[in-house]
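Remarks on the structure that follows.
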């Protein structure tokens with residue numbers, strides 16, 4: 001094996017994490033940095049992104065901040081190309097960035113549909129296409145796309161969000177089939193209800209209903225998701241690809 005395939009401590013694996021300024025993305029970035037990765041933090045909000053970068057560096061980790069809106073396809077593509085040129089390679093890609101524009105199907109506008117598909121699905125396509133080219137050169141790559149249990153079982157009021165997340169699942173399986181022989185794995189994590197800004201507004205009745213349906217009687221934490229990402233992006237997970245793993249406390253049993 002070459003040094004490129006097994007980077008040294010001086011040349012850690014390069015990990016790109018989108019939506020890294022808060023919530024699940026922030027937890028993933030911090031965990032990968034603790035695992036010794038050089039993390040490229042991606043978010044459209046520069047201020048919070050700088051805070052995560054500082055936190056990583058204070059713990060003697062390595063990070064680069066990249067403020068870009070992944071929903072802007074041209075800007076996102078250009079930013080990825082510059083990042084690959086600057087870093088020399090990309091080893092790990094975690095597509096976590098996502099938005100919601102919830103509405104009942106008959107009330108959902110074209111704009112609400114298009115925006116969610118663009119940010120939650122198209123941005124992952126652009127990132128995977130760019131990064132896979134870099135991964136192929138080193139014959140190593142770990143791709144983890146963060147979907148949702150909504151993409152597995154559907155959810156009323158989330159036709160756009162569920163479609164984007166279900167699309168990620170099919171997209172990821174295709175990558176796994178195309179790239180498995182080149183040392184690149186691709187998997188999906190489908191979180192259930194996790195304590196983030198997105199779930200902070202759950203009413204007490206809804207929260208009780210969710211907990212009642214779960215085998216593990218608590219909401220998840222961003223660290224629960226980050227731990228699963230850490231494993232799937234490790235050298236130890238080289239025989240796992242094309243899988244959808246629901247990290248949901250047994251809510252769906254998928």
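The values are calculated or read from the model by the stated rules, or taken from the named source; none is laboratory data. Here the structure is a predicted model, which is why all the values come from computation and not from measurement. Cβ atoms come from the backbone with ideal geometry, glycine included; neighbour counts cover every protein chain shown.
Worth a mention:
- Among the residues of segment 211-254, those identified as at pLDDT 95 or above, closer than 12 Å to residue 192 by Cα and assigned to a helix (DSSP H, G or I) are 222, 224, 225.
- Options 116, 94: the member that is assigned to a strand (DSSP E or B), modelled with pLDDT of 95 or more and surrounded by 24 or more Cβ atoms within 10 Å (Cβ to Cβ): 94
- Restricting attention to segment 79-91, the residues that are touching a helix residue (DSSP H, G or I) at 6+ places or on another chain (Cβ under 6 Å) and in a loop (DSSP other than H, G, I, E, B) total 2.
- Where residue 185 falls short, out of the listed (1) in contact (Cβ under 8 Å) with a residue 60 or more places away in the chain; (2) more than 13 Å from residue 246 (Cβ to Cβ); (3) assigned to a strand (DSSP E or B): (1)
- Note on segment 209-239: among residues that are free of Cβ contacts under 8 Å to residues at least 60 places away in the same chain, surrounded by 16 or more Cβ atoms within 10 Å (Cβ to Cβ) and touching a strand residue (DSSP E or B) at 6+ places or on another chain (Cβ under 8 Å), the one that is nearest to residue 90 (Cα to Cα) is 228.
Let's see how each residue does on (1) at pLDDT below 95; (2) under 23 Å from residue 134 (Cβ atoms); (3) part of a helix (DSSP H, G or I):
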position: 151; (1), (2), (3): no, no, yes
position: 156; (1), (2), (3): no, no, no
position: 161; (1), (2), (3): no, no, yes
position: 165; (1), (2), (3): no, no, yes
position: 171; (1), (2), (3): no, yes, yes
position: 177; (1), (2), (3): no, yes, yes
position: 180; (1), (2), (3): no, yes, yes
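- Residue match in segment 198-210 (condition: within 27 Å of residue 124 (Cα to Cα), assigned to a strand (DSSP E or B) and either out of contact with any helix residue (DSSP H, G or I) (no Cβ under 6 Å at 6 or more places or on another chain) or modelled with pLDDT of 95 or more (or both)): no
- All positions within segment 97-113 that are free of Cβ contacts under 8 Å to residues at least 24 places away in the same chain and part of a helix (DSSP H, G or I): 106, 107, 110, 111
- Note on segment 59-76: among residues that are under 23 Å from residue 122 (Cβ atoms) and without any contact (Cβ under 8 Å) to a residue 12 or more places away in the chain, the one that is surrounded by the most Cβ atoms within 10 Å (Cβ to Cβ) is 72.
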